[in-house]
Structure formats: C-alpha cells, structure tokens
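A.B. asks: One structure follows; several queries about it will come next.
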Amino acid sequence: MEQAFKRTQILTNHLLQSFPSSQTLSSNACLSYSPPELSENYAFDIKDMRKLIDRHNLEERDWLFGLMKQSKLFNPKVRGGKVFVSPDYNQSMEQQREMTLKRIEYLLEKGAFKGWLTEKGEDIEMRKFAGFEVCSIYDHSLITKLGVHFFLWGGAIQFFGTKHHHDKWLRDTENYSIKGCFAMTELGHGSNVRGLETVTAYDSNTGEFVINTPCESAQKYWIGGAANHATHTVVFSQLHINGTNQGVHAFIVQIRDADGNICPNIRIVDCGHKIGLNGVDNGRIWFDNVRVPRENLLNSVADVSPDGKYLSSIENPDQRFAAFMAPLTVGRVNIAISSVYQSKVALATSIRYALTRRAFSLKQNEPEVLLLDYPSHQRRLFPLVAKTYAMSFAANYLKMLYVKRTPQSNKIIHIVSSSFKATFTWNNMQILQECREACGGQGLKTENRVGQLKGEYDVQSTFEGDNLILMQQVSKALFAEYMAAQKRNKVFKGLGLEHMNKPCPVIPLQLTSTTLRCSQFQMDALCLRERDLLNRFVADVSKCKAKGESNEQAFMMCYELAQDLGKAFSDRAIFQTFVDAETTLPAGSLKDVLGTLRSLYALICIEDVSFLQYGYLSVDNGANVRREITKLCTELRPHALALVSSFGIPDAFLGPIAFNWIEANAWSSV
C-alpha cells in the first residue's frame, strides 16, 4: 500500500505541476526531403567509373533502358513526381506470364535481339551479354525466359548441332516464330545430368528416335516455357543403341503445333505458383513413345547412322560427356553476371535512401542524424559496395574468358564459371537481405524492389547447378591440377595457381594500417589461404584413399575442406581481377577511390573465419583487420553517392525510396 501511495503522489505532482512558458512543448517542423545531390560531392568522374565497371556496349545499354521506359508494357507508375518501371506483382500468375511474353515480343519488334543467333563474333557475344544484363535489372522472369530461349534452346542448337540444324532452326528461333525450351532437369535428377532417366532408342526401320519417360522420377521438371508458350524443346536423354547405353544426348522435339495444341504422346502440366519468377511458365513433361526424325539428334559430338550404328570421334565416354556438356557453361556465366546487377539495384536504392532518411538526434534540439552517417550503417553497406565492385570486375573477366573460348580453355571456363556463379549468387542474396533490413519497413514494399528481388533471385543458388556442388567441383579440379603437377614434376600453370610455384608467403606478426592496405600483402594473404587449403585437401583426400576409400568417397568425406578451398580460390581469383582493373588507371581520384574499395574488399575476405580457424591470423591481427575495415568505411562515406551513381542504373529502375520518399508516400500520391 505504501508503494502504491508513493506512485500516486508522484503522478499527482506531475499532473498538477506548472511549466514556465519557455519550457512548453512545441511541435517539431515536418520532415522534408533534400536530394543527396545537393550535399554530396563527386570526387571522381562517375562516367569514367561506369565505363570501368560496365566496360562494354554502354550506348546499347542506354538505348535498351530507353525502350523499356517508353512502353506501357513495362508498367510505368508515378511516385513522388518521378516515373518508375517494374513488373506488377499484384497480377495473377497467368497475367504475369502473358506480360513477360508481350515484353519479349515488343523488344523483338524493336530489334533488341537482332543477330543474337544468326551473327558470329565477339561483338555480338558482348552485345548479347549487355542486353541480358539490362533486362535483368528490370525483371528476372524476363531474362529467364529470354535465357531459356536464346542461350539454352538456341545455344544447344548452335553448339550441339551442325550446319543443317543451324540452317533449319536458328533464324526462326531468333525471330521467335519458334519458341524453344530446354528439357534437361528431371524430378529425380538435377545437378547429376549423367543420371537422367529419360530413355531414347533408335528404330532403324523408320529412321526415327523413340523417346520415353519410363517412370515418374524421369518426368522433365521446371522446364521454363513448357507450360504455356514453347513450341519446341531440346530433350536430354539416355541414348540406347542395340542394347548399349551410349550416355546422355540431346534431341529436338516439337511439343506444340502452330495452334498451340500439345502434340500427340506428350503430356505437359504446369509446375504451379513459385516464391518468385511467376512470369515464367515452368512445366513438367512426359514423353510416351514420341518419335522424331534421325536428323533431330544434335550430332556435333556423336551421331547415329541410318542403319543404327553409333558414331563418335571421341571413344572415351567420360571425355565425350565432358565435350557434350562444355557449351552449357554459358548458363552459369549469365546467372553470375545478372546477379551482380541485382546487387547494384539494391545498393543504389538503400544507399540513396540512407543519404536522405534520418533517425534520432545526438543532442536535444539538434537535427536527426542521416542513416549513412552512423558508423554501423556504413559498416553494413560499404563492404557490400566493395564486394559488388569486385564482382563487376570479375564478371567482365568471365565474359571475356567465355567469348574468347577455345576447346583448350573449356576446362578453365567450367571451373571459373562454377566458382563465380556460386560466389556471386550467394553474395547477391546476402546483399539483398542486408539492403532490405537497411531500408527498414520500406524494404518490405514491393514497389521499392529490394525485398521483392530476394524472392525473385533466390532460385539462382540452385539454377544451373547447386552452389555447394559447384564449389566441390572447383575443389576437385584444383586437386586434379595439383596431382598432375606433382606427377609431371612441373610447375603450376593456369587458374591463377602460379603462386604455388613461389615461396610460401608469410604474414607479419604485427599488421599495421600501411601493411593492411598494401595490395601485395592482400594478395599474399589470399594466396596463403588457398595454398594451405589445397595442400590440406590433397593430404586429407590422399589419407582417405590410402585407407581404401574410392575417389568419390574420399572427396565426400573431405567436403568441409572442399568448401573452404572453393571459397579461397574464388576470393583470390576475384581479387586478382580487381587489382588488374585498378592497374589500368592513371594516378588520380578515380584510382584513389578504387584503391580504397580494393582494400576494403580484400580485408572483408581476410576477415573470414577461416583465417583464424586455420591459424593464418592471430586474434590480435584479426582485431586489427576489423578496425581497418571500419576506417575504410569512414573514408568511403564522402563517395557514397558517386559510387552507386556509377552503376549507371537509370532512376526509373530503382525503388521510389531512392528519391523523394516523402512525396512518394504523400496522400496526393494515393
């Protein structure tokens, strides 16, 4: 009772207390939006930076952006006095699919895909990449449907087929009079292509192949375009000739007639609603004694004669399968490079928002603090900016590696594309999540894009190969390189492993700021980790094999080291592309800022737990690395707007919160 009386007395005194007029409460002035361009300065030319990170086809990119902005098909909406374009995710799944098709037809009519399949050379390859990257900024469904049609269906005909296939199919594919899809994945097999269960036999009496789905797990699954629009598909199937399984081969099969009716002996079912990509009509396909002409075998690697003899210049089935699969790396290349641009959209939106949104005052009656002036906010976003710049340079390297490909470079392209695809898509999901949180509740709004992109791009972690499996493939390839070098008693050559031929780097006992920012130290640290993990991996796999385990069992038992080694390879390879890009610049502000970004990227790699786990860094040096990261984030704060403006993404393709978020949410905008 006594405690209750005291509380009552305190409340009474508070309510009856009189305040001097000077201390009366008054309402605060309403918040107003001030464009960051008014207060932020550009210390370097953002056009020059964009040229460095986009590298190619800038005019074509801007032309394509313009095509999308000027058409109502791309759902323009006015928010805060500005026009924004993004898909209408409130539409039904069926409506989204039809809009995706209409957008492709519009861009086709405007000439956006001219020469994509009928022209050859590096120029058209790079123009395709540029167009794909721009379309990815608008919508993942759009690029997925384009990718399936042009890169997978069209690419299969280009690379698996021969001249008569090219003459018959490529122009109609480019003109979209034929709509193709790519039937590889099955209910029971995805990453393990060699395990596919669809079966094809040859009937020498009619000169036809007969394709069957022998069991439910063999149904083709997640086939983009199959549910509604595709007229043809490339079917991947085991080829049985005279009772012998010759392995996986590819066949052209018509699945719909000119009126859109499903062809006889083919069953197609919709895969249904997904957490993203609902503008793509994924389907499931069953084949019941479907007959196709002998000429529909894509026969660049192997053929079947009219009388039923199997013909191939590559006798070894493993080598034949490798040659057969090599062209499919373009899928991983496209996924890797498109993921970088989603990170750019998220970072440009969240950093512009953080340059105008305020929260809490440090002192009474002072203005609230900009989000990006909080060290914690800088620490959460600037390392991601550095990571995105690093991925941009690595993506440019990967594209050039692909367009300059030779039969001898196929193995390198496979390893690098597997590594970068896994790393980039993992990074992208991390960046999208962090940017979503950095935008607070506004990050949940679909129109602000960041949150929606998470659902749309989550699938990239398993598209064209599960990321964990891809990283294990990278480690197996490094193991093979190591064993080959030891067997031949020759130096390492290729894949950036030349550092293995040099003395092992030594990390100083005390890491100063100067040392931590030195590119040579940064490279040495990343090489040291890769070198040591490769040695450990080889030693552990060899121990398992010495105990009688098979190669595959030994690799499986060392999966943790395999993952760490794959990451070490990827981080070092990406960092090398960053250093190479920086080296091309003359002295000046652009190079200075890029050097700061490069140091930040290197140190967030070195901050990884593996450097402490395997003993490359002491606890004290680990703390020094973290302190230096904080300093670098502070130094990048004045360049925040310039860094994201250099991404070259037009305002219309960002979220409304990147600009006047007060006006965009005003009653007048309802």
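A.B. asks: Amide H of residue 247: which non-local residues (sequence gap of 5 or more, or other chain) have their own amide H closer than 5 Å, using H built in the peptide plane?
C.D. replies: 239
A.B. asks: A follow-up question, please. Can you tell me the length gained on complete extension of the stretch residue 591 to residue 366, counting 0.36 nm per residue apart and subtracting the Cα distance?
C.D. replies: On the way: separation 225, 0.36 × 225 = 81.00 nm, distance 3.71 nm.
Separation in residues times 0.36 nm, less the Cα-Cα distance, equals 77.3 nm.
A.B. asks: Continuing with this model, one more query. With a 1.4 Å probe and all protein chains left in place, how much accessible area per residue does the chain have, in Å²? All intermediate terms of the calculation are to be shown ahead of the outcome.
C.D. replies: Details: 30060 Å² over 670 residues.
Using a 1.4 Å probe on heavy atoms only, each residue of the chain averages 45 Å².
A.B. asks: Same structure again: Select from the chain the helices, each a whole stretch of DSSP H, whose alpha-carbon atoms run 27 Å or more along the helix axis and whose Kyte-Doolittle mean is at least 0.5; answer none if there are none.
C.D. replies: Working: long enough: 329-354 (38 Å, 0.53); 375-403 (42 Å, 0.13); 410-438 (41 Å, -0.18); 467-488 (32 Å, 0.09); 519-546 (40 Å, -0.21); 559-583 (36 Å, -0.20).
The qualifying helices are 329-354.
A.B. asks: Right, something else. How much accessible surface does residue 47 have with a 1.4 Å probe, in Å² rounded to 10?
C.D. replies: 150
A.B. asks: Next question. Percent of accessible area on the chain owned by carbon and sulfur, 1.4 Å probe?
C.D. replies: Accessible surface attributable to carbon and sulfur in the chain totals 52 percent.
A.B. asks: Right, here's the next one. Between residue 618 and residue 502, what's the calculated FRET efficiency when r is the beta-carbon distance and R0 is 41 Å? Round to 0.05. Please report the intermediate quantities before stating the final value.
C.D. replies: On the way: r = 24 Å, r/R0 = 0.58.
Efficiency for this residue pair is about 0.95.
A.B. asks: Charges on Cβ only, +1 for Lys and Arg, -1 for Asp and Glu, centred on the Cα centroid of region 180-317; of 247, 233, 196, which one is farthest towards the dipole's positive end?
C.D. replies: 196
A.B. asks: From the list (i) 27.5; (ii) 29.9; (iii) 26.3, can you say which value of Kirkwood radius over Cα pairs in Å was derived from the structure given?
C.D. replies: Label of the calculated value: (i).
A.B. asks: Another question, if that's okay. Show 31, 370 ordered by accessible area, largest first, where the area counts protein heavy atoms only and the probe is 1.4 Å.
C.D. replies: Numbers: 31 105, 370 20 Å².
Largest to smallest exposure gives the sequence 31, 370.
A.B. asks: Between residue 630 and residue 519, what is the spin-label point distance in nm, taking each point 7 Å from the Cα along the Cα→C-beta axis?
C.D. replies: That separation, rounded to one decimal, is 2.8 nm.
A.B. asks: How big is the accessible area of residue 132 in square angstrom, nearest 10, if you roll a 1.4 angstrom probe over the protein chains?
C.D. replies: About 10 Å², rounded to the nearest 10.
A.B. asks: Using heavy-atom solvent-accessible surface (probe 1.4 Å) with all chains present, what is the largest-first order of 257, 318?
C.D. replies: Working: 257 55, 318 85 Å².
Ranking 257, 318 by accessible area, largest first, yields 318, 257.
A.B. asks: Now a separate question. Considering only protein heavy atoms, with the full assembly of protein chains and a 1.4 angstrom probe, order 139, 45 by accessible area, largest first. Write out the running numbers ahead of the final one.
C.D. replies: Details: 139 10, 45 75 Å².
The ranking, largest first, comes out as 45, 139.
A.B. asks: Over the chain, what is the percentage of antiparallel beta bridges among all DSSP beta bridges, to the nearest 5?
C.D. replies: Values: 38 of 45 bridges.
Among the beta bridges of the chain, antiparallel pairing accounts for roughly 85 percent.
A.B. asks: In nm, to one decimal, how far is the modelled label at residue 512 from the one at residue 379, with both set 7 Å along Cα→Cβ?
C.D. replies: Between residue 512 and residue 379, the simple spin-label model gives 2.6 nm.
A.B. asks: Moving to a separate point now. Just to verify a number: FRET efficiency for residue 559 and residue 33, C-beta to C-beta distance, R0 = 56 Å, to 0.05?
C.D. replies: 0.65
A.B. asks: Another question about this same structure. Within the chain, which is the longest segment that contains none of the GluC sites (Glu not before Pro) sitting in a DSSP loop with at most 14 other Cβ atoms within 10 Å?
C.D. replies: Values: sites that count: 119, 315, 368.
The segment 369-670 is the longest one with no such site.
A.B. asks: Report the accessible area of residue 150, computed with a 1.4 Å probe over the heavy atoms of all protein chains in place, in Å² rounded to the nearest 10.
C.D. replies: About 10 Å², rounded to the nearest 10.
A.B. asks: What distance in nm separates the simple spin-label points at residue 109 and residue 70, each placed 7 Å from Cα in the Cβ direction?
C.D. replies: Here the answer is 1.3 nm between the modelled labels.
A.B. asks: In deg cm²/dmol, rounded to 500, what helix-only [θ] at 222 nm does the chain give when every DSSP H run of at least 4 residues adds -39500 (n - 2.57) and the total is split over its residues?
C.D. replies: -15500 deg cm²/dmol
A.B. asks: Calculated FRET efficiency, residue 275 and residue 665, Cβ-Cβ r, R0 30 Å, to nearest 0.05? List each step's numbers first, then the result.
C.D. replies: Numbers: r = 27 Å, r/R0 = 0.89.
The formula returns an efficiency of 0.65 here.
The values are calculated or read from the model by the stated rules, or taken from the named source; none is laboratory data. Keep in mind that what you see is a predicted model, and the values were worked out from it rather than measured. Note that we place each Cβ from the backbone using ideal geometry, even for glycine, and neighbour counts take in every protein chain shown. The protein model used for the area step is the full one, side chains on, heavy atoms only, and it has no ligands, DNA or RNA in it. Shrake-Rupley method; radii C 1.70, N 1.55, O 1.52, S 1.80 Å.
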